[in-house]
Amino acid sequence: MAIVKWDPFRDLVGLQSSINKLFDDNFRFLKAPEATLAQGGAFPVDIKDTPDTVQIKAELPGINKEDIKISFADNILTIRGERKKEEKEEGANFIRVERSYGSFSRSFTVDVPVKQDMVKARYQDGILEITLPKEEVSKKKEVNIKIEG
């Protein structure tokens, strides 16, 4: 008979692995996309095309309004920002760090004419809403052209 040293934490490690596997298998949709904000992109965005506007909603939780910059040039809308790291707490040890920090940027091509001087943006509760009013374009008519000769 072999003598085995008793480790009181061995069973806890197995339990922790089982719980982690349970969450990984059943809550995949909660995981962040492959590219995180710290890697320069990939915050969730909804883009809706209505008859009068193009509307964009972006999730940017935990970011100050002053740290977000929006630009529109040459039919490209760019959202830039920075999530600043919190101050270190003395005597605190992090067990897990999953939130990302740093600069991010994401650009979208808008392939309809936009009234650039009427673009509006609103930021509330971590949601950035951008409204791009469409430029009125005269409807193109089909014209029959006679061939001379």
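Looking at the structure I just gave you, is Phe72 in contact (Cβ under 8 Å) with a residue 60 or more places away in the chain and either exposed (fewer than 13 other Cβ atoms within 10 Å of the Cβ) or hydrophobic (A, V, I, L, M, F, W, C) (or both)? Judged against the criteria, Phe72 is a match. The set of residues from the range 19-74 being modelled with pLDDT under 70 and β-branched (Val, Ile, Thr) comprises just one member, Thr36.
Every condition in (1) more than 25 Å from Pro51 (Cβ to Cβ); (2) of a type outside the set (A, V, I, L, M); (3) modelled with pLDDT under 90 holds for Asp117 except the one numbered (1). Can you confirm whether the range 52-59 contains a residue that is under 23 Å from Asp125 (Cβ atoms) and in a loop (DSSP other than H, G, I, E, B)? No, there is no match, as no residue in the range 52-59 is under 23 Å from Asp125 (Cβ atoms) and in a loop (DSSP other than H, G, I, E, B). Can we say Asn93 is surrounded by fewer than 13 Cβ atoms within 10 Å (Cβ to Cβ), without any contact (Cβ under 8 Å) to a residue 40 or more places away in the chain, under 30 Å from Gln16 (Cβ atoms) and over 23 Å from the mean Cα position of the chain (by Cα)? Spelling it out, Asn93 is indeed surrounded by fewer than 13 Cβ atoms within 10 Å (Cβ to Cβ), without any contact (Cβ under 8 Å) to a residue 40 or more places away in the chain, under 30 Å from Gln16 (Cβ atoms) and over 23 Å from the mean Cα position of the chain (by Cα).
The values are calculated or read from the model by the stated rules, or taken from the named source; none is laboratory data. Here the structure is a predicted model, which is why all the values come from computation and not from measurement. Please note: Cβ atoms are built from the backbone with ideal geometry, for glycine as well, and neighbour counts cover all protein chains shown.
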